[in-house]
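The values are calculated or read from the model by the stated rules, or taken from the named source; none is laboratory data. All figures in this text were calculated on a predicted structure; none of them were measured in a lab. Reconstructed Cβ throughout: ideal geometry from the backbone, glycine too, with neighbour counts over all protein chains shown.
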Amino acid sequence: MLQEDITATVKMALEEDLGGVLDPKLDVTSQLIDADEEDEATVITREAGVFCGKAWVEEVYKQLGNKVTLQWFVKDGDAIEPGEQLFHIKGNSRTMLTAERTTLNFVQTLSGVATEVSKYVKAMEGTNCKLLDTRKTLPCLRTALKYAVTCGGGKNHRIGLFDMFLIKENHIMACGGIAKAIERARANHPELKVEVEVENLDELQQALDAKADIIMLDNFEYDMMIHAVKQTDHKAQLEISGNVNIDTIGRFAQTGVDFISVGALTKNVRALDLSMRFVKKA
């Protein structure tokens, strides 16, 4: 699924840059350069972070005709420092310049996500709690951003609406209650895990009685989290969601819950600052 999505999103990004058609000749500025001109360039990072995006870079050049060679100095998940070389490019000058912005867009975005995730993971050190992402992702980049989360040390929640039940407030109301919603979920897809969102300790007990696999504590206050862990007593896994940031996540992780999900990881994306520099010819 990931490789298929990489191929599709790279094609979409290149077509977006080339007026809707994957034809490098539509890059009018690069056409100023002789067709057989060759150059070398190096991509560096201007700030510290966690690298992610190797496969996307390779796919960009593949779709543009494999007219360059790439030398990699890092791999996905590596910590990187300001000024560090990430990869070197050698080959057709036109191709390198047509690919420049698309490759940097993917790497700076995915590395930005991996970097932010790594900060949250560090803040949770010393606990058994796992950091999860959510479905709050940029359109058409779901699998890419979720891959970046894993490079930063986080874990993936469900990929979409198809691979796990997440029964939230509106589902509960439409089904007629927590127990009925879980019963229907088990009947429809007994092979899938069932997670239920609850807003108070009474709803938590209802979810426990109905044997939910995972229970999401939605916007619980800290003291309620402590009570919820005791009340659950390992009968289900617990996930905290809401009011989580880099300053609160360490304290929340120490409550004994199994997971903490953070939508900001893939929603409030800050790109890493990268640069591609041509090597001067002798």
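Between ASP247, ASP258, the distinction of being of a type outside the set (A, V, I, L, M, F, W, C) and more than 19 Å from ASN156 (Cα to Cα) belongs to ASP247 only.
With respect to ASP5, determine if the residue is surrounded by 13 or more Cβ atoms within 10 Å (Cβ to Cβ), in a helix (DSSP H, G or I), under 17 Å from the mean Cα position of the chain (by Cα) and of a type in the set (D, E, K, R).
On the way: surrounded by 13 or more Cβ atoms within 10 Å (Cβ to Cβ): yes; in a helix (DSSP H, G or I): yes; under 17 Å from the mean Cα position of the chain (by Cα): yes; of a type in the set (D, E, K, R): yes.
For ASP5, the condition - surrounded by 13 or more Cβ atoms within 10 Å (Cβ to Cβ), in a helix (DSSP H, G or I), under 17 Å from the mean Cα position of the chain (by Cα) and of a type in the set (D, E, K, R) - is met.
Only residues that are assigned by TED's automatic domain parsing to the domain that holds ALA48, part of a strand (DSSP E or B) and charged (D, E, K, R) were counted across the stretch 92-144, and they come to 0.
Checking the condition within 20 Å of ALA148 (Cβ to Cβ), part of a loop (DSSP other than H, G, I, E, B), not assigned by TED's automatic domain parsing to the domain that holds LEU138 and not charged (D, E, K, R), which residue from VAL21, VAL57, VAL43, VAL74 passes? Walk me through it before giving the result.
Numbers: VAL21 fails: within 20 Å of ALA148 (Cβ to Cβ); VAL57 fails: part of a loop (DSSP other than H, G, I, E, B); VAL43 fails: part of a loop (DSSP other than H, G, I, E, B).
Being within 20 Å of ALA148 (Cβ to Cβ), part of a loop (DSSP other than H, G, I, E, B), not assigned by TED's automatic domain parsing to the domain that holds LEU138 and not charged (D, E, K, R) holds for just one of VAL21, VAL57, VAL43, VAL74, which is VAL74.
Looking across the stretch 157-212, the residues that are buried (at least 16 other Cβ atoms within 10 Å of the Cβ) and small (Gly, Ala, Ser) come down to ALA179, ALA181, ALA185, ALA207, ALA210, ALA212.
Rundown of residues vs (1) out of contact with any Cys (no Cβ under 8 Å at 6 or more places or on another chain); (2) more than 30 Å from GLN237 (Cα to Cα); (3) polar (S, T, N, Q), yes/no style:
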site	(1), (2), (3)
VAL60	yes, yes, no
VAL74	yes, yes, no
ALA114	no, no, no
LEU141	yes, no, no
TYR147	no, no, no
PHE162	yes, no, no
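Number of residues in the stretch 189-206 that are in contact with a Phe, Trp or Tyr (Cβ under 9 Å, 6 or more places away or on another chain) and either part of a loop (DSSP other than H, G, I, E, B) or closer than 27 Å to MET1 by Cβ (or both): the value is 8. Given the conditions (1) farther than 29 Å from THR115 by Cα; (2) surrounded by fewer than 16 Cβ atoms within 10 Å (Cβ to Cβ), and given that PRO24 satisfies all but one, which numbered condition is not satisfied? Result: PRO24 fails condition (2) only.
Residue-level analysis places ILE80 outside the set of residues that are over 30 Å from GLU40 (Cβ atoms) and either in the same structural domain as ILE246 (by TED's automatic domain parsing) or without any contact (Cβ under 8 Å) to a residue 40 or more places away in the chain (or both).
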